[in-house]
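Undergrad: The structure under discussion is supplied below as structure tokens; questions concerning it will follow.
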Amino acid sequence: MAERKWHSLFFDEWVAREGLDLLRGWKVDDVYTVPLKYWARTGGNAVQIQLDGTGELNAAYVCEIPPGKELTPQRHLYEELTYVLSGRGSTSVWYEGQEKKSFEWSAGSLFAIPLNAWHQHFNGSGREPTRFLAMTTAPVMMNLIRDEDFIFNNDRTFPSRYSGADSYFSGEIDLDTFNGWDVPVSVGFSNFFPDIEAMKFNDTNRGWRARSAQYELANGVVSAHTLQMPGGAFTKLHRHGPGAHVLWLKGEGYTMMWPDGGEWVKEFWGPGTMLVPPAGWWHQHCIVSSEPAEHLALKLGSRTHSVTRANMNSLKSTRNGGNQMDFEDTPPEVLDKLNRIFEAECAKRGTPAHLEAIAGG
């Protein structure tokens with residue numbers, strides 16, 4: 001009789017069988033330079049990442065395509081949201097019996113693979129590798145089903161996710177307004193965003209001069225947003241459900257996070273750092289560089305297709321039953337402690353701390 005396993009996680013076991021490292025902890029310091037290993041399944045080089053804040057529901061991986069090469073075609077019964085870190089290339093997508101549809105991407109592109117669709121990524125350069133970051137729902141699907149063949153060799157198609165339309169990856173963006181929080185939020189719907197910086201950024205209620213853009217993709221249960229903040233400012237405290245992979249693209253700072261009544265965790269970040277705040281933990285992003293900061297969050301759940309109620313009120317004021325705390329509503333001893341830490345970190349770098357803006361809400 002085989003030795004019994006206790007508390008086994010199928011996803012972890014699968015990563016080990018794939019011959020890849022599985023990174024854990026609070027953050028990855030730099031996704032642009034994190035070491036990779038050959039991944040036979042894809043023909044590329046990769047590392048799997050499951051940070052502590054995911055709640056075992058989702059994960060991410062970084063993959064690199066060698067110069068002039070392509071990855072092996074894949075399909076899988078979990079969702080995948082991809083952000084291109086460097087390089088340029090193209091992707092072909094299809095269901096069995098359908099014509100392949102292809103689109104070209106470059107650094108800064110964001111797209112989602114429709115559920116269980118065949119797809120193949122190509123490096124468009126013969127000289128430089130291309131590297132991308134993908135967030136997936138692989139852990140929850142694998143840990144529930146526990147059948148690798150069912151995940152990767154299933155013929156099921158999802159016409160509501162992907163019909164093979166010529167315009168599916170055209171990059172056309174449909175804007176709509178979400179009114180579920182304290183201020184209207186503009187949301188962009190598309191299956192391919194060629195450059196996230198080309199999206200229209202709108203003022204948001206997250207902090208002083210904060211601007212944001214929202215992305216919904218592939219009629220699925222994954223989404224993304226970007227947040228821009230000036231140097232010497234920090235966001236309001238807020239909390240939400242698990243699985244928001246926060247990738248910092250610009251600036252320097254730290255994120256302070258803690259559970260109710262628990263110890264504070266302070267994690268520094270810079271361009272390329274990715275962290276995942278745990279579900280229900282209060283957290284605040286603090287920009288201590290003189291230049292502005294920007295992050296991209298790859299998330300489980302969306303404005304249209306929620307998977308947990310924990311994300312529904314993440315940017316609604318606590319005054320209205322939400323999970324974002326206005327500065328004037330933050331307990332004085334907490335705000336004072338946050339301000340003192342922030343001023344000290346800004347002073348180390350010669351960055352003016354705009355606490356007058358924080359005091360004004």
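The values are calculated or read from the model by the stated rules, or taken from the named source; none is laboratory data. Predicted, not measured: the structure shown is a model, and the values here were computed from it. Virtual Cβ from ideal backbone geometry, glycine too; neighbours counted across all protein chains shown.
Undergrad: Would you say Trp281 is free of Cβ contacts under 8 Å to residues at least 40 places away in the same chain and under 30 Å from Asn179 (Cα atoms)?
TA: no
Undergrad: Take the range 192-234 and flag every residue that is touching a Leu at 6+ places or on another chain (Cβ under 9 Å), crowded, with 20+ Cβ neighbours inside 10 Å and among the polar types (S, T, N, Q).
TA: Passing the criteria: Thr204, Ser212, Ser223, Thr226.
Undergrad: Can you tell me which of (1) among the hydrophobic types (A, V, I, L, M, F, W, C); (2) surrounded by fewer than 22 Cβ atoms within 10 Å (Cβ to Cβ); (3) within 15 Å of the chain's Cα centre (by Cα) is the one Phe268 doesn't meet?
TA: The single condition Phe268 does not satisfy is (3).
Undergrad: Something else now. Report yes if Ala347 is without any contact (Cβ under 8 Å) to a residue 24 or more places away in the chain and hydrophobic (A, V, I, L, M, F, W, C), otherwise no.
TA: The answer is yes for Ala347.
Undergrad: Given the residues Leu133, Leu144, which is the only one that is farther than 15 Å from Tyr162 by Cβ and either modelled with pLDDT under 95 or in a strand (DSSP E or B) (or both)?
TA: Leu133
Per-residue answers, yes or no, for (1) among the hydrophobic types (A, V, I, L, M, F, W, C); (2) modelled with pLDDT of 90 or more:
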position	(1), (2)
Arg319	no, yes
Asn323	no, yes
Phe327	yes, yes
Ala359	yes, no
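Undergrad: Kindly establish whether Asp195 is within 30 Å of Glu356 (Cα to Cα) and acidic (Asp, Glu).
TA: Considered against the rule, which asks whether it is within 30 Å of Glu356 (Cα to Cα) and acidic (Asp, Glu), Asp195 comes out as no.
Undergrad: Being surrounded by fewer than 19 Cβ atoms within 10 Å (Cβ to Cβ) and over 25 Å from Asn313 (Cβ atoms) is the requirement here; does Asp182 meet it?
TA: Values: surrounded by fewer than 19 Cβ atoms within 10 Å (Cβ to Cβ): yes; over 25 Å from Asn313 (Cβ atoms): no.
No.
Undergrad: Right, something else. Out of (1) more than 20 Å from Leu300 (Cβ to Cβ); (2) in the same structural domain as Leu85 (by TED's automatic domain parsing); (3) buried (at least 19 other Cβ atoms within 10 Å of the Cβ), what's the single condition that is false for Glu148?
TA: (3)
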